[in-house]
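Worksheet: one structure, shown below.
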Amino acid sequence: METNYNFEELSITGGRFTPLVSLVETGGIGLSAGFTRKYNLTAENTAAVKLMFDRNKNAVGMKFFSNKEEGATPVAFANRGGAHLNARPLWVKFDIDHKQFVNKYTPKEITDPKQGKVYVFELSPREEKNS
């Protein structure tokens, strides 16, 4: 049996570990603590996010900025991890009934030729719970 291992220790700090994006009833987008940790997004290095929409793929894109940018939405970080942003202008501009897409999503990190690094999640209708 092999006895020479190079272990890396997991340090549990509390909060969520899964990098999720949550679309909530009020129209906001929540970023789990796992998301902000995985992509190293903090109040010190992230001030704003530009939201984008691909009509053909029904996908939302998020590009984060370290400074305030024209047309970008501020990112509000929670003390216990995670963050929140106001996405209502996105839903209004693209005439999207966001309430039908309230759900948790696992975003993909892509490199867009025009935008650079973007985090993308594709909207899918919320499944109705049986009573």
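Taking the range 100-131 as the range and being touching a Lys or Arg at 6+ places or on another chain (Cβ under 8 Å) and in contact (Cβ under 8 Å) with a residue 60 or more places away in the chain as the test, the residues that pass are F101, V102, N103, E109, Q115, V118, Y119, V120, F121, E122.
Could you please let me know if A76 is at pLDDT 95 or above and in contact with a Phe, Trp or Tyr (Cβ under 8 Å, 6 or more places away or on another chain)?
Considered against the rule, which asks whether it is at pLDDT 95 or above and in contact with a Phe, Trp or Tyr (Cβ under 8 Å, 6 or more places away or on another chain), A76 comes out as no.
Scanning the range 80-94 for residues that are among the aromatic types (F, W, Y) and in contact with a Phe, Trp or Tyr (Cβ under 8 Å, 6 or more places away or on another chain) yields a single hit, F94. For first residues located in the range 66-95 and in a loop (DSSP other than H, G, I, E, B), partners that are of a type in the set (D, E) and lie 6+ apart or on another chain with Cβ distances below 6 Å do not occur. Looking only at the range 116-131, residues that are farther than 17 Å from K57 by Cα and either among the aliphatic types (A, V, I, L, M) or part of a loop (DSSP other than H, G, I, E, B) (or both) come to 5 in all.
The values are calculated or read from the model by the stated rules, or taken from the named source; none is laboratory data. The shown structure was predicted, so the numbers you read here are calculated from the model rather than taken from an experiment. Please note: Cβ atoms are built from the backbone with ideal geometry, for glycine as well, and neighbour counts cover all protein chains shown.
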